[in-house]
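Accompanying notes for the structure given below.
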There are 2 protein chains.
Amino acid sequence: IPIKTLNQGPFEAKVDSIISLMTIEEKIGQLNLPTSGDITTGQAQSSNVAKKIEEGKVGGLFNVKSVEKIREIQKIAVEKSRLKIPLLFGMDVIHGYETTFPIPLGLSCSWDMEMIKKTAQMAAKEATADGINWTFSPMVDISRDPRWGRVSEGSGEDPYLGSEIAKAMVHGYQGDDLTNNNTMLACVKHFALYGAPEAGRDYNTVDMSKIRMYNEYLPPYKAAIDAGVGSVMASFNEIDGVPATGNKWLLTDLLRTNWGFNGFVVTDYTGIYEMIEHGVGDKYDVAALALNAGVDMDMAGDSPTIPAAFVKTLKQSVDNGKVKMADIDAAVKRILTAKYELGLFENPYKYCDTSRPTKEIFTKENKLFARKVASESMVLLKNDNQLLPLKKTGTIALIGPLANTAVNMAGTWSVATKQHLSNPLLEGLKTVVGDKAKIEYAKGSNIDYDLDLEKRATMFGKEIPRDGRTDKELMDEALAIASKSDVIIAALGESAEFSGESSSRTNLQIPQVQKDLLNALLKTGKPVVLVLFTGRPLAIVDENKNVPAILNVWFPGSEAGLAISDVLFGDVNPSGKLTATFPMNVGQVPLFYNHKNTGRPLGNNEGKFEKFKSNYLDVRNEPLYPFGYGLSYTTFNYDNLQLNSTKMDTSGSVTISVDVTNSGNFDGKEVVQLYVRDVVGSVTRPVKELKGFQKIELKKGETKTVTFKLTVEDLKFYNSNLDFIAEPGMFQIFVGTDSNASLSSQFELTK
Amino acid sequence: IPIKTLNQGPFEAKVDSIISLMTIEEKIGQLNLPTSGDITTGQAQSSNVAKKIEEGKVGGLFNVKSVEKIREIQKIAVEKSRLKIPLLFGMDVIHGYETTFPIPLGLSCSWDMEMIKKTAQMAAKEATADGINWTFSPMVDISRDPRWGRVSEGSGEDPYLGSEIAKAMVHGYQGDDLTNNNTMLACVKHFALYGAPEAGRDYNTVDMSKIRMYNEYLPPYKAAIDAGVGSVMASFNEIDGVPATGNKWLLTDLLRTNWGFNGFVVTDYTGIYEMIEHGVGDKYDVAALALNAGVDMDMAGDSPTIPAAFVKTLKQSVDNGKVKMADIDAAVKRILTAKYELGLFENPYKYCDTSRPTKEIFTKENKLFARKVASESMVLLKNDNQLLPLKKTGTIALIGPLANTAVNMAGTWSVATKQHLSNPLLEGLKTVVGDKAKIEYAKGSNIDYDLDLEKRATMFGKEIPRDGRTDKELMDEALAIASKSDVIIAALGESAEFSGESSSRTNLQIPQVQKDLLNALLKTGKPVVLVLFTGRPLAIVDENKNVPAILNVWFPGSEAGLAISDVLFGDVNPSGKLTATFPMNVGQVPLFYNHKNTGRPLGNNEGKFEKFKSNYLDVRNEPLYPFGYGLSYTTFNYDNLQLNSTKMDTSGSVTISVDVTNSGNFDGKEVVQLYVRDVVGSVTRPVKELKGFQKIELKKGETKTVTFKLTVEDLKFYNSNLDFIAEPGMFQIFVGTDSNASLSSQFELTK
């Protein structure tokens, strides 16, 4: 539903008539999105921002929480300001609201589009019940660099899967009708290419060719636009040497002219002023650059050094001709249109029903869903000798600094979460096991030997109190418990703020103190299950070698402990599949499945070194775990790959079918994956690309025939002229359980 | 001297008249550059390639060595083939011929353009004395990724310095007159962008924006073209999705049309057939693609699976219209022109004077020069408490697997070196010390714990025989010697084939077995000097912390041991400056001095973590050693920075002067460096860029005033339209001893 089609006709006349009444200050005010600053409930009227609202100098606020507060602020806008224009209330509702789902990277591993859509719906329901009408989500930045902290906030490395998820999220937030009071305006971000910072360092320069942009990084943004997303957030990075926030090619030529986007563009926080540091001008220059490029709304700083850019400069820039009033009018029009589309002019308190929060936020039902979602997002990385699922008997030692930390369970960027109410693993385990087994707990180690690093990785109230004991005392306590247990669950990995914004790492391993703990636990000879918390792909070669069972749980959200326990004991059979490659070491980065072949590909699949082929001296090319990888407690056999034809023309299709059998001892779910290789192109093409997937459920012993249909649309790519075309010739297809899928066939696209 | 100006007039008519006589097979033959295969002296006439030469199917040969053999082969071409067209004889003469200079990365650290030019002159003199008339050098690929093995073969990360070196090398090889018998045709490579393989893995995909290409990677190739280089080698990688070898934009539009290149283009070895693996067509397609893109000569494979591409396909492709005869003629014309320019038609045996080799190759004089060059290329990384220079007294323990290996001294890609004749450190040390001090030697460790990795890193006759003793026995022997010494010289690092082609590493540290040895040596309490052998920037944080003195010697070439000893004992005061950044760890890669500022630069220079700024959680942004860094035994003070004007217009200039004083206790050389920052641009500009340097010599206590002149040409860059322009505004300048230069001033470029 492109936002334009939402009754824009009637709105247009109304919007124009409002604009005709506005002073230039009021117009610029609509483009201003300040933080709410010091507002606390009951004091809104006397706050600094209240005065600005009253003067018509604010178009919306962000990260104000609670319906009472929002109602109070909205009241100022619609009762005290001259033109009574209601405000937008935005928030980072990223992976749930108070009911928190797994971090987006984890959620993407469910490969369940309906479920993902429902998480966004539920988030919208809770957020709108609390007064919010606009979320800065979905974040759809493709990333291939696990050093980058915000890899946790995206859906991994694949443009096809990323596009599907972008679509599901937009539909989830915005629903079919934005005028409902339980749907909200979505905002796709960070436009564009934010996931490719050089050296994996957040905010760093991005650089790539246009053809890579179009084929590999832009598709999810476009998918969100095509799904009707109402707003777009400009990214911090530069593109072709021009910051996105001031990049007219990006925000106007591509976004509006080529893609037909009709909503509005907002900056990321302080994005306009940051262009001064980028070195493209002074505050007047950069604000004018942003407006002229296509930015409509300024998510503004609020300090003396970084004040609101538009508010402080645009009037003067109109006066001296740096910007045109018509462009300001266009931006105002887009923002007022969005407010109409949300129904705010009709009822500015539409999202301010004070009876909703207690009925709709963080409810039992919602938490139950969060528990299910979390368990569906976990990825079983290793399970030697069917160590998992565990039995609810005997003595279970739960060891590790992440075993009993409620505040870390929601992961990064979960602004509305009441993090102390999340369910930590120790509690969840006790609940699920009940009195059937004995749970013994020890912390075992701190998060890191380095206290300073630990603090950075547990910011924003996610502290894991540093244990006063020495490392040895902590470990000894753990070993004493472990040695008396039947099985050890080691809850290790990253704390929540090891990933997220401005949380890039150059070391991709589990922190050394925890590795030392793990090794000591392994030496007890007891079976060890590693429950791995992480916000990024980690290089866990040692763990993969030495630990019999590894369950990657990411950060599972509100119901973490219960969900993990559901999986550990087999109440849920894990079915998550990685959406980002796990490298062998940081030196392999970037490593991703849909790479080009190069002219000197390695001639063997065993990772044997070959001189004068494209490989390293010291590590093989393959990842530790490939894209699409994930085990189950049962096993799946693939057989009988069939194509209905070995040729298709540009108006035809090929139907691919494969028989998948649950050949193990548990009912389970499997993500059946279809990859395509365009054998010869006018430009080089990836060795394979995901072009379809289906998550199916199979009873023990059951076989299902899964079919995929490919049309010419699925074979298109952007060529050297950036035309989106399919080229006749052979296409190989691969079907299987992960991106190493080996069942293979081929067909020809004819002219 | 653009090659066109070398009497092209007269050649043109001659060339055209030859072409008019040629059959299509003979034309395609001229485009063929096979390996010499199985030829041994005295057997050329009966070899397989001899037959092809006789049939006119060969344009040149590569990597045949010795004047007798080349004379014998040339004789076949000019006496037995129908048209008697002489052959080109090419070779990888990369850093010297038999007299071998430091690897190019090391050589670049001399920052001495005259000396670098002289190395190329000497290489040309030796190579031409041995019959070679064409070198596949200079390699000018900018690289910022120390994982990439061929970083050793280039001149580091900077386009300005890289361009100066490219020019010096071309002038050195080609001289003023290519018809002299001691100059040779140069070949700039690898065109283009080969130094930017993804993940630092050799031959991997390259991707970057056009604006980055133009500003950061293309300048050294262009500098070589402008210096009149006679040939260009296409690179293995793709550019904008099209392999360079088949990239018409690159090889015709940019190279010939925009840059005016008039020489010929050769592929890299098997480059055409590799395009089949790239996925752009079958053997007919890729050969046609190459020719049509602008390739003139096919450096050809010689196996049944990878035969000569042009020879096997072009005739058929002419017949069926895939290629035009006119394009073949153009290629033939360029190659015949080069042969005329070299004077081969006048005297095909011009380079076959059998009396020259013994008089001109690997002479005492040449070796003396190599010794000087090597000592000028070494970089003193650390020297606490003036541990260096050492005194020639007492007992010196020389420990390490690189201490006594002649065959590793020349480093990688030194095809003509008689590597057993190189001077290893043990021998050089004994020679230089004479009987003044006692030298005790022990190997101490193998190169690596991993025997397989060690083998890969000591290929091509560079074996360091694996010691049969255990690691402990080796170390114990070393410690016994070390503990009785007055000072320890630890000769550690990479063996020669740890870098070079297809020698990429994901681990940038000194191999662990050597680190363990070094730590044990440090524990003896004796002063330790680390003599670091390496072909790339290494992450030596631990060594920098623990070892009092570190001398980076790269691979110093033929006279390694003597040159190192010259520096260790102060006969030469080190003056090398890094041309590639040394990172703290591999996770920081790519790390380079001339980066963009980003919108959220770190607000402190002490590497203190700041949330929501562009930095890592676990390591600071700064490198271990920055670009331009290198210590001396003396110290230099910078003072009195002056500009003759704070404004310049586009026809004017600014003269910058600074007083540099030798404030220490040794005479010494210093590379005075000038950096410029373009404060505001229409596109983002680097935080600084090298724009001038001067290597000066200062006596103890002496002061010199160094001046630089900047004109508008120095301030130009490629903007969004790829126009090469300078934009009015403020420019900051920084002058100092490395890229952290802090003496600063500014001026304005006015309209």
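What follows is calculated from the coordinates using simple rules that are stated; it is not laboratory data. Just so you know, these numbers come straight off a predicted model, no measurement behind them. Positions of Cβ are backbone-derived with ideal geometry, glycine not excepted, and every protein chain shown enters the neighbour counts.
The angle between the Cα long axis of helix B:8-21 and the main principal axis of chain B comes to about 50°, on a 0 to 90 degree scale.
Once the Cβ-Cβ distance of B:Asp723 and B:Asp639 is raised to the sixth power relative to R0 = 45 Å, the FRET efficiency obtained is 0.70.
Taking Cα atoms only, the orientation of helix B:471-483 departs from the longest principal axis of chain B by about 50 degrees. Beta-bridge orientation, chain A: approximately 55 percent antiparallel, per DSSP, counting only bridges with both partners inside.
Starting from the label point of A:Asn347 at 7 Å along Cα→Cβ, the same points in the other copies fall at 10.0 nm, in ascending order. Estimated from the Cβ-Cβ distance and a Förster radius of 51 angstrom, the FRET efficiency linking A:Gln694 and B:Asp319 is about 0.55. Considering only Cα atoms, the convex hull volume of the stretch B:436-553 works out to 114 Å³ per residue. The residue list B:Ser614, B:Ser745, A:Leu521 was ranked by how far each Cα lies along the charge dipole of the protein assembly as shown toward its positive end, using unit charges on Cβ atoms, and A:Leu521 comes out on top. For the stretch B:612-726, the relative contact order comes to 25 percent (Cα pairs under 8 Å, sequence separation of at least 6). Applying a DSSP loop filter and a limit of 16 other Cβ atoms within 10 Å to the trypsin sites (Lys or Arg not before Pro) in the stretch A:263-350 leaves A:Lys324.
Under a model in which nothing but the beta-carbon of Lys, Arg (+1) and Asp, Glu (-1) is charged, the protein assembly as shown shows a dipole of about 120 debye around its Cα centre.
Label-point spacing for A:Lys700 across the identical copies (point 7 Å from Cα in the Cβ direction), in nm and ascending order: 8.9. Taking 7 Å steps out from each Cα toward its Cβ at B:Ser303 and A:Lys436 produces label points 5.9 nm apart. Taken over chain B, the alpha-carbon convex hull comes to 162 cubic angstrom per residue. Counting only aspartates and glutamates at least 8 places from A:Lys222 when in the same chain, those with an alpha carbon closer than 17 Å to its own are A:Asp141, A:Glu157, A:Asp158, A:Glu164, A:Asp253, A:Glu713, A:Asp714, A:Asp723. Antiparallel beta bridges, as assigned by DSSP with both residues in the protein assembly as shown, represent about 55 percent of the total such bridges. Summing Lys and Arg as +1 and Asp and Glu as -1 over all other residues whose Cβ lies under 11 Å from the Cβ of B:Thr711 gives a net charge of 0.
When the helices of chain A are scored as -39500 (n - 2.57) per DSSP H run of n ≥ 4 and the total is divided over every residue, the value at 222 nm lands at -8000 deg cm²/dmol. Here the stretch A:422-490 and the stretch B:438-459 have alpha carbon centers that stand 43 Å from each other. Overall dimensions of the protein assembly as shown, expressed as equivalent-ellipsoid semi-axes from the Cα gyration tensor (√(5λ), whole Å, largest first), are 55, 38, 35. Taking GluC sites (Glu not before Pro) as candidate sites, keep only those in a DSSP loop with at most 11 other Cβ atoms within 10 Å, then name the longest stretch of chain A containing none of them. In chain A, the maximal stretch lacking such sites is A:1-345. The number of Lys pairs in the stretch B:473-564 with C-alpha atoms less than 14 Å apart, excluding pairs fewer than 8 positions apart on the same chain, is 5. Computed about its Cα centre, the charge dipole of chain B is approximately 540 debye, with only Lys, Arg, Asp and Glu carrying charge at their Cβ.
Label points for B:Ser745 are taken 7 Å from Cα along Cα→Cβ. From this copy to the others they lie 7.6 nm apart, shortest first. Residue-wise HN-Hα couplings along the stretch A:513-521, as the Karplus relation 6.51 cos²θ - 1.76 cosθ + 1.60 with θ = phi - 60° gives them from phi, are 4, 6, 5, 5, 4, 4, 4, 5, 5 Hz; Gly and Pro carry x. Relative contact order, whole percent, for the stretch B:68-212 stands at 25, derived from Cα pairs under 8 Å and 6 or more residues apart. In sequence order, the stretch B:603-609 has phi-based couplings of x, 9, 9, 9, x, 6, 5 Hz under the Karplus curve 6.51 cos²θ - 1.76 cosθ + 1.60, θ = phi - 60°, and Gly or Pro positions carry x.
Distance between the 7 Å Cα→Cβ label points at B:Leu743 and A:Thr646: 7.6 nm. Here's the picture: charge each Lys and Arg Cβ at +1 and each Asp and Glu Cβ at -1 in chain A, and of A:Ala491, A:Pro10, A:Asn385 the one pushed furthest to the positive end of that dipole is A:Asn385.
Ranking B:Thr99, B:Gln121, B:Val49 by how far each Cα lies toward the positive end of the dipole of the stretch B:42-132 (charges on Cβ) leaves B:Val49 at the top. The equivalent ellipsoid of the stretch B:261-413 has semi-axes of 49, 24, 15 Å, largest first, where each one is the square root of 5 times an eigenvalue of the Cα gyration tensor.
Taking all Cα pairs closer than 8 Å and separated by 6 or more residues, the relative contact order of chain A comes to 13 percent.
If you take the alpha carbon atoms of the stretch A:184-340 and fit the smallest convex hull around them, that volume is 116 Å³ per residue.
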